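Below: the structure, in structure tokens.
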Amino acid sequence: MKRLLLAAPESQYTAKLARYMNEKLPQWEVKAFTQELALAHCLASGTMADAALVHESMLGAAQDAAKRGGFIGKLIVLRESGEAPGGEEAKTASLPMYQPLSALLASLNEELLGAKGNGGDGGGSGRARVWTVFSASGGAGKTTVALNLVRQLGERGYRALYLNLEPLNATDLLFGIGDPDSLSGLLYEMQARPDKAEEEWKKRRRQHSILLGDYLDAPEHPAERLGMSGSRLKELLDIATRSGRYEAVVIDPDSGSGEWHQELLAMSDRVAWLVTPEAMCVRKTEKLLRHWQGRTDGVLEKVSWLINKASGNEELRERLPQARVLEKLPYMPQWKGLEETDKLLKAPAFSAAVERILDEWGCQVKEDRPSRASRRRGVASGHAGAVSSRIS
């Protein structure tokens, strides 16, 4: 039996998390605290425990008490901020507290035990699924759709990674600047020390409490992505998909027609291909499909056609081959110039459309993490009981 100390000032949150841990980790004995003095007394008295998961507001007192009591367990910070800390604070392991309980527990397992979860629906291979959000034209809304897919996967209890592979990645407007050398550093370590690649990945990935998934900080310069070969791309995806941390990797590339893009789509399990009602976007899609004809065997079978910025009257099916239109995503005029992650990922109409995509793709809500949509449906049908409530 291993012991874990859990400390957070909010009693309801602490009790809920402790109950969940006791249910899912029967091999761990969890002792919970909501008072800083009680935690400090426990640590200073020499209490033996394998780890302490401590809210950031109690960290200073916990560190002082741990030194006095000779605490040798692992100290992990439970932070309210969605962004990973930088500088000296980055040396202490930390987890965002406002995320699905299943995701929090998976991250905690990884920190405590080096545990690797299953690879999701990867056909029993332990590999996460690769979903690419693609378009033949810029400005189609790939980034918005990809981020919302990750968010809704998190809402349903799936562990997902958002991987932006655009040469000019502007997601620092949403997540903050962070470490602009994350991708270049990761690619360098993959080449120089391939045996340390997974360790490097763990160090450079970030978590975000609103995104409900992981991401890499946006590079400052496009050189690394522009110089990424197909073989290097495959190595990068192998690390991400076989890490055991994710069930889905959602890729957000630039729009393009090169071999690199063909290889990416070939490596993908699903392709969400965006088309907007604008004539230019439709025309570019038709030209790209003709250009790739005969060179993308099997890719079109993976494609789900999505009409973004739709008004509801678009009929493009006769111009989109081998697939029906899976979903029409609503035009959101209030998003123009928007740089707020919270609003971008919590628009009810858009979120509902993305949820329908996940339903179609077979990503059902996990029992221990119901989505808001399921709770709404439950309330409407009079069956709202017996669901886990969201920590917020």
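The values are calculated or read from the model by the stated rules, or taken from the named source; none is laboratory data. Because the structure is a prediction, the values reported are computed rather than measured. Cβ coordinates were reconstructed from backbone atoms using ideal geometry, including for glycine residues, and neighbour counts include every protein chain displayed.
Taking the criterion of being surrounded by fewer than 18 Cβ atoms within 10 Å (Cβ to Cβ), among the hydrophobic types (A, V, I, L, M, F, W, C) and within 20 Å of residue 56 (Cα to Cα), the only residue of the stretch 1-17 that qualifies is 15.
Just one of the listed residues (268, 243) is crowded, with 20+ Cβ neighbours inside 10 Å and modelled with pLDDT of 90 or more, namely 268. Hey, any hits in the stretch 209-232 for a residue that's within 20 Å of residue 138 (Cα to Cα) and hydroxyl-bearing (Ser, Thr, Tyr)? Checked against the condition, which is being within 20 Å of residue 138 (Cα to Cα) and hydroxyl-bearing (Ser, Thr, Tyr), the stretch 209-232 yields no hits at all. With respect to (1) at pLDDT 85 or above; (2) hydrophobic (A, V, I, L, M, F, W, C); (3) touching a Phe, Trp or Tyr at 6+ places or on another chain (Cβ under 8 Å), the lone exception for residue 78 is condition (3).
Matching residues to (1) modelled with pLDDT under 85; (2) surrounded by 15 or more Cβ atoms within 10 Å (Cβ to Cβ); (3) of a type outside the set (Lys, Arg):
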| position | (1), (2), (3) |
| --- | --- |
| 303 | no, yes, yes |
| 331 | yes, yes, yes |
| 343 | yes, no, no |
| 357 | no, yes, yes |
| 373 | yes, yes, yes |
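Among residues of the stretch 165-189 being among the hydroxyl-bearing types (Ser, Thr, Tyr) and over 17 Å from the mean Cα position of the chain (by Cα), the one that is farthest from residue 145 (Cα to Cα) is 188. Looking at the stretch 134-142, is at least one residue surrounded by fewer than 23 Cβ atoms within 10 Å (Cβ to Cβ), modelled with pLDDT of 90 or more, among the basic types (Lys, Arg) and closer than 23 Å to residue 292 by Cβ? Scanning the stretch 134-142 turns up no residue that is surrounded by fewer than 23 Cβ atoms within 10 Å (Cβ to Cβ), modelled with pLDDT of 90 or more, among the basic types (Lys, Arg) and closer than 23 Å to residue 292 by Cβ.
Checking each residue in the stretch 206-220 for being farther than 12 Å from residue 165 by Cα and touching a Leu at 6+ places or on another chain (Cβ under 9 Å) picks out 206, 207, 208, 210, 211, 212, 213, 214.
Screening residue 203 against (1) assigned to a loop (DSSP other than H, G, I, E, B); (2) exposed (fewer than 15 other Cβ atoms within 10 Å of the Cβ) leaves a single unmet condition, (1). Among the residues of the stretch 184-212, the ones that are under 29 Å from residue 258 (Cα atoms) and in contact with a Lys or Arg (Cβ under 7 Å, 6 or more places away or on another chain) come to 4 in all. The set of residues in the stretch 91-110 that are assigned to a helix (DSSP H, G or I) and either in contact with a Lys or Arg (Cβ under 9 Å, 6 or more places away or on another chain) or modelled with pLDDT of 75 or more (or both) comprises 101, 102, 103, 104, 105, 106, 107, 108, 109, 110. Does any residue of the stretch 265-282 turn out to be out of contact with any Phe, Trp or Tyr (no Cβ under 7 Å at 6 or more places or on another chain), assigned by the TED database to the domain that holds residue 181, of a type in the set (Asp, Glu) and in a helix (DSSP H, G or I)? The answer is no; no qualifying residue exists. Would you be able to say whether some residue in the stretch 217-230 is within 20 Å of the chain's Cα centre (by Cα) and of a type in the set (A, V, I, L, M, F, W, C)? There is at least one residue in the stretch 217-230 that is within 20 Å of the chain's Cα centre (by Cα) and of a type in the set (A, V, I, L, M, F, W, C). Does residue 210 qualify as being in contact (Cβ under 8 Å) with a residue 24 or more places away in the chain, in contact with a helix residue (DSSP H, G or I) (Cβ under 6 Å, 6 or more places away or on another chain) and either on the phi > 0 side of the Ramachandran plot or assigned to a loop (DSSP other than H, G, I, E, B) (or both)? The answer is yes for residue 210.
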